[in-house]
1. Checking residue 66 against (1) modelled with pLDDT under 95; (2) within 19 Å of residue 309 (Cα to Cα): exactly one of these is not met. Which one?
2. Please enumerate the residues belonging to the range 212-242 that are over 19 Å from residue 314 (Cβ atoms), open to solvent by 40 Å² or more (accessible area, probe 1.4 Å) and at pLDDT 90 or above.
3. Residue by residue through the range 296-314, note down the ones that are open to solvent by 60 Å² or more (accessible area, probe 1.4 Å) and assigned to a loop (DSSP other than H, G, I, E, B).
4. Which residues, taken from the range 266-295, are in a loop (DSSP other than H, G, I, E, B) and surrounded by 18 or more Cβ atoms within 10 Å (Cβ to Cβ)?
5. Determine whether the range 62-80 contains at least one residue that is aromatic (Phe, Trp, Tyr), free of Cβ contacts under 8 Å to residues at least 60 places away in the same chain and in contact with a Pro (Cβ under 9 Å, 6 or more places away or on another chain).
6. Given 259, 264, 224, which one is over 19 Å from residue 135 (Cα atoms) and either in contact (Cβ under 8 Å) with a residue 40 or more places away in the chain or touching a strand residue (DSSP E or B) at 6+ places or on another chain (Cβ under 9 Å) (or both)?
7. Could you run through the range 33-60 and say how many residues are touching a residue at least 40 places away in the same chain (Cβ under 8 Å) and either among the aliphatic types (A, V, I, L, M) or in contact with a helix residue (DSSP H, G or I) (Cβ under 6 Å, 6 or more places away or on another chain) (or both)?
8. Quick check: anything in the range 126-134 crowded, with 18+ Cβ neighbours inside 10 Å, among the aliphatic types (A, V, I, L, M), in contact (Cβ under 8 Å) with a residue 24 or more places away in the chain and within 18 Å of residue 6 (Cα to Cα)?
Amino acid sequence: MRTLLIVNPNATSTTPETRDLLAHALESRTQLTVAHTQHRGHAAELAQWASTNEMDLIVVHGGDGTVNETINGFLPLPQVDDGQVWRPRLGVIPGGSANVFARALGISPDPVTATNQLIDLLTVNRDRKIGLGLADDRWFTFSAGVGLDADVCEAIDASRANGHPATPARYLRTTVRQFFKAKGKEPSVRVQVPGHAPVDEVHYAFVTNTSPWTYLNATPVHTNPGTTFEAGLGVFAVRSMDVVPTLLLARQLLAADGNPKSRNLFREDDVPSVRIESPVPIGLQIDGDFIGKRNVVDFTSVPGVLEVVAPQPR
């Protein structure tokens, strides 16, 4: 088995000790090549090289952004896929601050434990096929969002650029600040889902590929509890920024058996596609990275497109 290990040395929780342990474990079982990312987009370049050279496995040790880059580097878009592109399997060892994708797959957030998990799964040749989401021409693994969520990601990215780590406490403070900043704005988003009437006057919306798709420290946040990697996309569109309804909704999201419902909420847990549009350009985040502002984004569910080395769903 030929393996490429992509390491983001700047990811929040990667350490030289963990990198050495992971490389040693993989080297004892595979023909290993190790590459460290050196700039934004480098993981995509490395993944494309691995596909071109028909590597069997890509293991990513980094955060969700590095995983997203990697997938977008080697996985062809459906509209241009002729079936000839080589698709390596994907393994993930958490190395970021949130590691949402790995945790949603049942991979331990502890890098050492996750390494042992990976080796055990490789030993028994146990893989899992999952679906992904497309936001226009970009793959996402667990979530995309417009409005508030994207504003938070943009602020966090700016904070990181100034040397501040992306901790859960910083995310929480940033979310509260961005909420009150956006509270007075008129809702401009329209959400269109096949089989449903258009939903207007939306303040912000999440489009998700699994549940939970984010965490508050160790607490999972369930916007669409019926959404899985093996089903369609979840849509969660909010039409109120009033404080009391927002707090009531937040309590439902954090409940262990959360099943959020509100007259100010449009929610569907298994849809094939969704279009979100706004006359005013609105921020878009994909897998926790701010992408920019758009007037229209088309989201599509693509089932069974990625083979991952991960536990089977419960």
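The values are calculated or read from the model by the stated rules, or taken from the named source; none is laboratory data. In this text, all values refer to a predicted model and were calculated from it rather than measured experimentally. When we count neighbours, we look across all protein chains shown, and the Cβ atoms used for this are built from the backbone with ideal geometry, even at glycine. For the accessible areas, the whole protein counts, side chains as well, though only heavy atoms, and no ligand, DNA or RNA atoms are used. Shrake-Rupley method; radii C 1.70, N 1.55, O 1.52, S 1.80 Å.
1. Residue 66 satisfies all of (1) modelled with pLDDT under 95; (2) within 19 Å of residue 309 (Cα to Cα) except (1).
2. 239, 242
3. 312, 313, 314
4. Matches in the range 266-295: 287, 288.
5. Yes, there is a match, as at least one residue in the range 62-80 is aromatic (Phe, Trp, Tyr), free of Cβ contacts under 8 Å to residues at least 60 places away in the same chain and in contact with a Pro (Cβ under 9 Å, 6 or more places away or on another chain).
6. Selected residue: 264, the only one of 259, 264, 224 that is over 19 Å from residue 135 (Cα atoms) and either in contact (Cβ under 8 Å) with a residue 40 or more places away in the chain or touching a strand residue (DSSP E or B) at 6+ places or on another chain (Cβ under 9 Å) (or both).
7. 8
8. Checked against the condition, which is being crowded, with 18+ Cβ neighbours inside 10 Å, among the aliphatic types (A, V, I, L, M), in contact (Cβ under 8 Å) with a residue 24 or more places away in the chain and within 18 Å of residue 6 (Cα to Cα), the range 126-134 yields no hits at all.
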